[in-house]
Every structure is written in structure tokens, then in C-alpha cells.
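What follows is calculated from the coordinates using simple rules that are stated; it is not laboratory data. The shown structure was predicted, so the numbers you read here are calculated from the model rather than taken from an experiment. Positions of Cβ are generated from backbone atoms using ideal geometry, with glycine treated the same way; all protein chains shown enter the neighbour counts.
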Amino acid sequence: MGKRRKIAVLTAQIEESGQTVFLRGLLRSAFSHGYDVSVFSMFQKIQSSLAREKGDSSIYDLINFSLFDAVILVPNTIHTPGINEEITSRIKASYVGPVICIDKDSDDFRSMFISASHHLYKVVSHLIEEHGMTDIAFLSGKTSSVHTRERYEAYCSAMKDHGLKIDKERIFYGDYWYLSGESIAERLMKSSQGLPQALVCSNDRMAIGACKYFTSHGVKIPEDIAVAGFDSFRDGQHSPLPITSVKVPIFEFGLYVGDCLDDLIAGNEIEEFDVEAELFIGNSCGCHCESLKPEYPLRNSWDTEESRGRVNSVFNHMNEDMMLQNSFSGLINCIFLNTYQIRPFHGLDICINDKWTEERSFFTDRLINIISCGESEDKPDSIDLMRCYDKSEILSDINMEDNEPRSFFFFPLHFESNAFGFITLSYKDPDILPGSDERIWIRNVALGLENYRRKDSLIHKNQIIEAGLNTDPVTGLSNYSGFINESTAIVSKLSVLGDNVGVIVVDIKGLSAINKQHGHSSGDIAINTLANIVSKCFNDMPSFTFCMGNGEIVALRLFKDDPEKGMKMRGDRIIDLVSEHNASLDDDQKIEIYYAYGYSKIASQSELEKLVNDTINKKNVKKSTVSGSESGLSDNEVKDEEIVREVLDDNCLTYHFQPIIDARTGEIFSYEALMRSTKEPYPNPLMIIKYAEHMNRLYDVESLTFNNVLDIVESRSDIFDGTRKIFINSIPGQRLQGDDLLRLIQSAQNMRDSIVIEFTEQAELSDDDLRSMKNDYDLLGIQTAIDDYGTGYSNIVNLLRYDPNYLKIDRALLSEIQNNVQKQYFVKQIVRFTHENNIMALAEGVETYDELKTVIELGVDLIQGYYTGKPSKEIVTEIDPKIFEEIRKINSTLKDRDPVSVYYAGRESRILLSQLDADGMCIIDVSDNDTGLTDFEIVGVPGVPYNIGLHVHGGFSGHIKIDNSTFKNIIGYDAVIVVEDGSDVALSFSGDCNMQGSIYVSDDSRVMFSGDGTVKVFSDKKEFYGIGSGRGYGCGTMTFDISGSMEINCTGMYGIGIGSWENCDIKIVNGKYNIDLNGQESVGVGSLAGSADVSLFDSKLIVRSTASNCVAVGSFRNDANVMLNHDFINLDLEGNHLCGIGTAEGDMSTVYITKSNVTCSSLGRVSCAFGVSGTGDSVFTVENAAVFATVRGDTAIAFGTTDHNGIIKAHNSRLVCDVTNGDDKYLGAIDDNVDIVSCDMNFTHNGRRYTIPEIMQMLHKGPPPGKP
């Protein structure tokens, strides 16, 4: 038995009726000639997203053309952009066998057409001859299709041969899809001519669409209008009114193609395809379904769908079974056990990439044939997770000999763009092809693989995320969440290591004072010091140490017996280590602690949590102060205490006021009063609190603070006039009493809703005390704030119990927040929670611009920190104008955006706009950070607008691919895309992208625009710009290198298409650009008020403007430097003061044109095509180019300047100008400033055309030096 020859077929969506019929014919012929046929097919011609297109089209990556004796391409079925070109390139580079291209012209391969379109003549003739119709409309297809041309010619021939006039108003074009039929039906119903007698469509799908629209709008078929189609596929034949049409001989064409291939391989000549098409007579024309015959298809087996348990069986639980699998082998076994759903087949093979869990849209060089099933002894059913082979083999079965020809159908196994591998089904019956059952089953397998891959990936991601979520950011210890996660493991060790558990809670005394006095960095050092000390005392097994947040450290240990002794010993050790640490430090650097410990027998996780929380409460109630030394005060401490005593006795306290800023307006919302001493040596607040507590005089501090602050506030009614609030710190456990309380009540009555009492993070009150306090404060109009809100459990408890009006977010969460996605996420959640509970979020400790900008973008309401305003004795009434302007500018970019509706990019490689829209997101926020991705894709749905915008900032550098996306959320600068803060970004567009607003590029940023998509930008602001920046701003370097096109439509009063109001640098190196402008003053590409540096290469630019004053390319009010190389430029300007390329009012214009075709029409009062339409200087150089200028105006010139002081250089070029003006000159240069060599010139001035000698004489040059 000789080696069987093989044919490869590349197609898509074989379930489509025409495809199925064609393939059956092809297989029948190929089998008769002894060929095996391998069909490589996508599931769908057109996918809903680029990602699915990539995944579906991955099947073509599998093909090794050298294994086949012939190749058949069906390119009209493969709509994924670039795939046909890629396949063609691969074949041309490596394949030498015969290639046939079906139904499409090819410059590279032999094309074969079904050539039945002329049979549409029969349909038109039937309507005329049998029904006497004369007014027949025609719906054609895509103009690029050869079938469209043939069917149109058949329609015209039938009309002419019957002596009927062809009415151009009755001819329409569609896209061969249902919606085209609906659209044309709507147009016909609205036509002033009324409905025609009949509508003939180029295929049945459009005919069905038309019938659907007609009948749904009360038009009767065929009484009111007859409808006919072409290609007569099953859905047309079985419509409510069967469509009269022509049965295209697709099966016969499949037979023909198979026979032709055999002849080509044998070197024989082939004949043209010529088979008579049969007219299908339905109801839609007015006949009585003469062609419709009842069908009673018979099964080829006694098995039924129900008895075999096919895919659509109610008993099919394949997907659920796959989702339950926790191992890969279990998943594969589950798939194997469900192969019965698509039997019978000759063979089934499932092959996956050797690293299939990694995301990719192609196949790896090594594949694994994990499942192989057959219906013969030569191919037994088997599972083998190690059966590897080279991709170049495609599949071992296609190279194995068999007594009978076989068909192999290769389908991609993918989810979105991720290609896992492929599935092959093989048959020995040419009439059997995979159908919907097989497609559904294969997609179920893909979903099973994707589900497993995600679970596997999630396990690894969760390990990384949990490490961040369960870790305290300051100490690196586990936080409370980490403790909860570990508690199960701790409890599981009780029976082995002892069921007595000891817990100790250690806290830093006066942490808030440390933070306020020395900054949060000093507070963080103190927390880390304590964490290291506690960890050192609990570094043996079985111990566990974690941080509750805000300096509160918890440690626990398991004991077999006597936990009290063990915990006391460790508590003493902690005190000793604190003393050692303090020994070498100044007093204001020492730390003091208080602690409590507890112990109990534990039997469950809940009991362990209760022990920890009880110990925390015990510590909070106890308020024990441990000084790090068990002895009394040292001599220096005695002196310090005496100073503090005098401060309190003599009320030597004053207060500095730090402004709290409204994050939206930059105005001062309130002040926080911060305690200072007026007595030398000016003890700091931490020292005052320390010794006041030692002397049991904390109440004195509380009393003095409230009375002193209220005195100041009441004396400054010019500031505290009801529009600003005062934040006063309250010491935990020290509530005002007696006269002090009366004073507070009196002030509160006079300053209702202006006093905010701030509680430190250590504040703990009983529920009864808290309830009483809240009731009192509510009656008095006193508001409350929680200070230093971080991430600890105790803080959450405080927040829920205190229900404050303000929440001050701890500095630990804000430091370097612009570089930390996790911090941004946490703060965003805090802001969301506060806003949902009518609490204002205050960002405390903001120290840099980047922190300021980020917290505003995250939606905080108030800001406090050294960056916006330091504490000062003098109460300021406004912040630094520079900072105020920064806040205003940041907010101007945010407009009305809801901060909780911001999606922070960097966590996913693909961002789906549909999912963001469903989640209520309005902004995609992209910033430079150490933890996020820098390259990702934003995917939308063509034509579907999303109320979403893109904000790139923070110095981001990366690549953003925008696919089929429509943005319409204006996020700032009147733009839907904002790039700022020195970002360097590549924006790549694919598919149809619509920007319903501008694209803003700040003057310190760089943007590369690329991609093969169609980008449309629309701006309708009074002061507009399409891409670049608006009034008062320059734009950064912009480079346009697109293989697709851009359309920019701007309407307003003043603005720019591409560029900026101030200086700009623009490079256009590829692509097609259409810019439409109007208004009072505008520029197409360049700058309105600044200088413009513009270069174009290998591009097509069209600028149309009806603006009164306009420059198409260059600058209106400043200098312009423009270079064109290998470009096609068409400028059409109509207005008052106009310049095509150059400047209108600038001092200098330099224009260089080479190897380009440039046309400018400038019709205005003052007009210049190239140069300066004013009194500046101009250098206009043309080399090896064609330049056409049509200029009209009172003052008008083609090249140079309107005061004729320009310089013109033209070499080896064609210059054509037609100037109409009120002057005797039409060039803006004279005498030695004109250098024209070897040029073809055609000059017309005020209606008179000049010869070349006349032109040279007028320029004082004599005969031209060189032949044109």
C-alpha cells in the first residue's frame, strides 16, 4: 500500500450551511481519488473580540504545509485581520505544491469561483415573466466582492433584456448579513417613490432581514412587495414564507474543486466550472412553494439522541463534573469519560501545549497528546499525560497509513486569546462532518481547562496577595487577618504542644504624640523597636507574634502547664529590653509601654480569638504604664517632671494650628490645635503627657487644652465664623467635668457644628460611657473624629463603635502611596466605606505632591500634612497659592468623577470595558508603581460606548493597547484620555476606537500612537483640541505611527486638531489622517499660539476647515517648521485669514517638501498656501515633489510671504498654482530669493496662465537652467 496523499483545507465556521455542503462535495471527490483531507477551522468567522479572534485563529499556527500534497484556502470565511496575509506569506515562503484559493481573487494562487451569480438572472426574469413586475429594486453586496459585481450584472441584464429601465435610486448595497436587509427595507418604506413591486437580494440572509422588517411594520409579503433572494440556503427555504431564490450548486462545486486538485497534482489541464443552477420557487414572490418538499430525515442508527446521551441531553453534567476536579489527572479523566457524547467517530485526539497553563495565543513546539480515542484496534482509547511530540508532526494519525481515506477536522482549544491546544475528530464517511454537538463539547472542554488553569493560577496568586493582605506594612509581622488565618493551625497543635495558651498585648504609650511631634517616621521606628523586642521574647516554638496596627503588638505561646509563670517571665523580659533600649537615648527618644497578659485552656479557634480580644481589652482598661525601669525617676526625669508641673500649674501652654484642607477646593476647612509649651526648655507634648500621667494630672492637660483652645477660637471670630471648624485632641479616659464641662457646653452652643473632638487610637470607652458621650455631643452639635485609622482589628472595632463624623487615615497607609497599588486599594476601600456611612475621610500626614495627588484621586474629602500646611502659631487663612493651584488642577482633571468608581490598572493584563461598566467603574487609572503591570490591553465591543475614561499619570512608562473601545467619560482637560506627569506611553489602537472627547498629552509627557485600527476623535468644546492640549498648555512629544487611520472632528470657536495652544513637537510617520475644523481660529496640525515643529513621513493627511482664521499645518501666531517626506497632503480651507502650511502671524516659516504630493486650496480674504500669510520671513523648499496651490483673496500668494519677502527653492518638481488676488504678484518672493531649477511649472494669476519663459522673466531669472 503506497503512501496516501493529503489535502489541507483552511477555513472557518464549517457549521455554516454553504460550508458544510461544499466540504461534503470536496470530501466525496477527494475520497474517490484516494486522498486524506485535513480541515483546519476556526469556530466562527467573526468573533466578538480581538482576544477570541486570536484564540480561535490559533489553529492555523498548527499547520505544517510541507506535510500536504495540496492546499485549499477559503479566505472569505476567515475574517480575523491579518490571518489571511500571514497564511499566504507562510505558504509562499515554504510550500511548493498546488494551492487553490476559493471564491476570492488572489495574486499569488489559482483562484476558483463557483460562478453561479449569473443565475440571479433567473430570479429577476421569474418576477417579470411570471408576475408581471416592472419596478424591481436590487440589494447588492459588498462592492469589493466579485460575486457582487456578477450579481449586479445579472440583475441589469435581466432588466435590460426585458426592456425595463434600471433606476439607480432602486439599487442598494449591503454586507450579505440580515441587518442590511432590515436597513434597506426601512429605507424603502421611507422612500418618496414608495415601495417597489419587488426587492431582489443578493443572498437569502439579506432577504430574510428585509422580510422581517417589512412584516414587523405591517407590510404584507408578497401582497405589498415581493421579496426574492439568491443562494437558497436552508433557513431561507424554511422561513415563514419560503424565499424564492436560486440554489447555488455548492455541492457540485466541492466535487469540482476535488477533481481539479487531482488534475493539478497529476499535471493535467482543468476545465471551467459550469453547472446549471436550479430556481427555488417559494411563497415570497407570490407563487405557492412549488419547490418546497417535505423532509423526513432518517437516522443511520437505532440509537436516539436521548439514548446516546448527547451534549444536549438533560442528563449531561460534564461541566459540573469538570469544575469539581482538583487535580489535572482528574480533569482529564472526566473529559475522557464524556467522549461518548460525540461518538461515533473514527478517531478523537486532544493535544495541549506542554506548558498549557501559561497564557499564549499560539502553540508551543512540544505538544502532549493527552487523550486518544478510536473505533478500531489500531487506535485504542487511551490517556497519557506524558505522550509528547513535536508540533511539526501536527498529529501522528495523519501520517499513519490506513486502508480507507479519512477526514481530519482540527479545531482550536482555547479560552479568549489563550490557546491551550487543539482537538481533532476524524471520520471515514465523507458525509459526516462535526456539527453543533461537537462544537459545544469542545468548548466545554476548553472551559474545563480554563477553570482548572484559573484555580491553579489563583492558588499561586493568593499566596502572594495573602502575604500582602496578612502582613503589617510597618513591622513585617502578620496582622490580625494573618493571625486569624494561622489560628486554625495553632489550635491544631494544642493536643500535642499543650492546650494552655498565654497571650500578651504590648502597646506604646503616646504614639500619637510621637507621630505629631517627630513625624510618622519616628513613630514607625518606635513600633519596629517594640516589635523586635517582643519577637525576641517569643522566638521559641510554639509561639506566634503579630501586630494589631498602631504599635500594638500581640504575642501568644502554647504551654503544657503554668502559662501564668511563662507569660510573666516574658513580660518582665520585655520590660528589661525596653530599658536597655532607652538607656542610651535622650528622653524625647525613649519609648514607654503598657501591657497586659492573659491565659486560658483553649479548645477551639473561637476560644483563641476570644482570649486575644479579652487580653486586648484588659490592656486598654488597665492602662498600666511601665517605664522600662522598675526604679523611681532618675535625677534628670525628676527635673523634667518639675518643669511639666510648672507648665501645668502656670498654664504655660499655647497652641499651634495646622490647616485641614478641603480636597476638592483647596480652601481651609478646619484647623487642628496642637499643644506647645511656652516655658523653657519647652518640653514637647510627648513629655508633657508622660509626666502628667505620672503625676495623675492628665485631666489638667485635658482641661487646659479645651479652655485654652476655646479662648483662642472665641477671640478669633474673624476666622472661626461658622465656616471653619476646630479639631481638639481629647486624652483617652479624661472627660470634662464641672465648670470645664459647662464652659464646653457654652462654647458649643455659640459654635454649633464647629467643634470636633478627636480621639487618639488608644481611646477605649465602655459601651455605656460611649453611648452617653455620643448623646451629649449630638445634643451640643459637637462632632467626633477617629485619629490614626490604620489596618488593625482594634481600629475596626473603634470605627464601628464610635460612628465618627471624620476618619483620619493613618500616615502609614499614605506614605509613598503613589507607588503602592495595595495601599491605593486599601485607602480606596476605606473611602468607599466612609462615604457609604456618611463619614468624611481625612488623609493625615501628606508630605509630597505625589501623595497629595493620589489621595485626591482616591476620593478623600480632607487633607492634612506638612505639604499643605505646617502647624503655626499664627492662624493662616489660606494655603500656599502654589499648593492651592495644584489642588485645583488635580481636581480639574477629575471633574465630577466618583472616586470609588476608579479601576486601578496594573493587576490584570486584559481589561474588559464591559466588565468595568458592569462594575460601575468610570475611570481606568494608570500610574507608575513597583507592583503593577506596565503593558496591558483594554478591550471593548465595536460600536458600544462606555462611560469610561483613561487616566495615565505618575510618570507611567509602558504600552497600552486599546481594542475596539469607545470612551465617553470626560475625566479632565475635556478629554477622555489624559496622559500627564511625565509619562512615556505607547497607545496602540486596533479595531474601531471612538473617543467622544479629546486625548490630552501634557507638555512633559511623550506618547507614541500606533496600531492598525480606526480611531475617531470628536470634540465640541468652545475651546477645543483633538489630540494634544488646550489653552495655556503645550503638549509633549507626540509620534504617530499607525497603519490604520485617524479621523478628528472638532467644532467650537478656537482650537487644534492635533497639537496644542503652546509649543509642540509632532512627528507623523505613517497612517491616514482626516481632520475637520470650524470656528473662529483653528489649526489642523501644530500650534495655535506657540511655535510648531511638525514632520510628516509616508502619511496621508486631509485637512478641511471652514474656520474664519486657520492654518492647516504649522502655527497661527508663532513660528513654524514643517517637513514633508513621501506624503500625500490635501488641504481645503475657506475663511478669512488662511495659511495652508506655515504660519499666519508668526515671524518665521520653514517648509520643506520632498517626494510628496501636496494640494492646497485656500479661499479667504488673506490667503497663503505655503509660507507666511503675514509679514514674517519664509523659506519654502520643494525637491522631487508635486505641489498644487489654489489661492483666492484680496491678499493672496501661493508660496512665500504676503509681503513678498520669502525665499523659494524648487528643484526637480512640479509646481502648479492658481492665484486670484488684488496684486500684480502671486509669489511671496522676488529676484534672488527665487531659485527654481528643472521644474515643470503651471502658474495662473487672476485668470491668466503664464508660460515658463514668462514666469522666469517675471521672476527676473531669464530662461530656466535645466529641462523640466
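How large is log10 I(q)/I(0) at q = 0.09, 0.17 Å⁻¹ when the Debye formula is applied to the Cα atoms of region 117-247, each weighted equally and without solvent? Cα-only, vacuum Debye calculation for region 117-247: -0.20, -0.79. Peptides 966-979, 686-699, 179-192 ordered by packing proxy, namely the average of other Cβ atoms within 10 Å per residue, highest first: 966-979, 686-699, 179-192.
Here Lys1021 is the anchor, and the lysines within straight C-alpha reach of less than 22 Å, apart from those fewer than 8 places off in the same chain, are Lys889, Lys895, Lys968.
By the rule of a C-alpha distance below 17 Å, with chain neighbours fewer than 8 residues away ignored, the lysines paired with Lys455 are Lys355.
May I ask which of Lys560/Lys601; Lys122/Lys247; Lys536/Lys690 have a Cα-Cα span longer than 19 Å here?
Lys536/Lys690
Treating each Cα of region 112-165 as one equal point scatterer and applying the Debye formula with no solvent, the log10 of I(q)/I(0) at q = 0.12, 0.19, 0.23 Å⁻¹ comes out as -0.26, -0.62, -0.84.
Among residues other than Ala785 with Cβ under 11 Å from its Cβ, the summed charge is -3 (Lys and Arg +1, Asp and Glu -1). Database remark: amide H of Leu413 closer than 5 angstrom to the amide H of Phe420, Gly421, Phe422, Ile423 (H placed geometrically; neighbours at sequence offset of 5 or more, or on other chains; Pro and chain starts carry no H). Taken over the alpha carbons of region 1119-1268 as equal point scatterers, the Debye sum produces base-10 log I(q)/I(0) values at 0.11, 0.14 Å⁻¹ of -0.33, -0.55.
Note that region 12-28 has calculated 3J(HN,Hα) couplings of 8, 6, 5, 5, 4, 4, x, 4, 4, 5, 4, 5, 4, x, 4, 5, 4 Hz, one per residue in order, obtained from phi through the Karplus relation 6.51 cos²θ - 1.76 cosθ + 1.60 (θ = phi - 60°); glycine and proline are x. Each 20 Å bin from zero up to the one holding the largest Cα-Cα distance in the chain carries the following percent of pairs: 9, 24, 29, 23, 12, 2, 0.
Ordering Asp1098, Asp103 by the number of other Cβ atoms within 10 Å of each residue's own Cβ, fewest first, gives Asp1098, Asp103.
Couplings for region 733-743, taken from phi via the Karplus curve 6.51 cos²θ - 1.76 cosθ + 1.60 with θ = phi - 60°, read x, 10, 8, 5, 9, x, 4, 4, 5, 4, 4 Hz in order; Gly and Pro are left as x. What are the aspartates and glutamates whose alpha-carbon lies under 13 Å from the alpha-carbon of Lys92, with same-chain residues fewer than 8 places away excluded? Result set, ordered by chain and number: Asp107, Asp108. For region 500-600, the equivalent ellipsoid derived from the Cα gyration tensor has semi-axes of 26, 13, 10 Å, listed largest first. Label sites at Ser872 and Asp562, each approximated as a point 7 angstrom past Cα along Cα to Cβ, lie 6.4 nm apart. Going from the residue with the fewest nearby Cβ atoms within 10 Å to the one with the most, Leu447, Leu324 rank Leu324, Leu447.
In this structure, the residue pairs whose Cα-Cα separation is over 25 Å, taken from Lys565/Lys618; Lys774/Lys873; Lys493/Lys565, are Lys774/Lys873. Close amide H contacts of Leu1138 (hydrogens built in the peptide plane, cut-off under 5 Å, sequence separation of 5 or more or a different chain): Cys1110, Val1166, Ser1167, Cys1168. Its Cα centre serving as origin, region 473-622 has a Cβ charge dipole (Lys and Arg +1, Asp and Glu -1) of approximately 280 debye. Taken along the Cα-to-beta-carbon direction at a fixed 7 Å, the label points for Lys160 and Glu278 span 3.2 nm. Shown in residue order for region 393-407 are the 3J(HN,Hα) couplings computed by the Karplus curve 6.51 cos²θ - 1.76 cosθ + 1.60 at θ = phi - 60°: 6, 6, 7, 4, 4, 6, 9, 8, 7, 8, 5, 10, x, 9, 10 Hz (x for Gly and Pro).
Here the label points at Ser313 and Glu15, each 7 Å from Cα along the C-beta direction, are separated by 2.0 nm in the simple model. When the pairs Lys1016/Lys1067; Lys509/Lys639; Lys610/Lys828; Lys45/Lys212; Lys725/Lys823 are compared against a 26 Å limit on Cα-Cα distance, Lys610/Lys828; Lys725/Lys823 fall above it. Listing Tyr340, Tyr35, Tyr60 from fewest to most neighbouring C-beta atoms within 10 Å gives Tyr340, Tyr60, Tyr35.
If I take R0 = 22 Å and measure r between the Cβ atoms of Asp649 and Asn696 in this structure, what FRET efficiency does the formula 1/(1 + (r/R0)^6) give, to the nearest 0.05? The value I calculate is 0.95. Near the amide H of Asp1240, within less than 5 Å, lie the amide hydrogens of Ser1213, Arg1214, Leu1215, all on another chain or at least 5 residues away, with H placed in the peptide plane. Measuring r between the beta carbons of Ser1043 and Met569 and using R0 = 60 Å, the FRET efficiency lands at 0.20. The simple Förster model, with R0 at 22 Å and r as the Cβ-Cβ distance, assigns Glu223 and Glu186 a FRET efficiency of 0.70. Counted residue by residue at 0.36 nm each, then reduced by the alpha carbon distance between them, the extension gain from Phe328 to Asp365 reaches 11.2 nm. Note on region 1119-1268: Lys pairs 8 or more places apart or on different chains, Cα atoms under 17 Å apart, count 4.
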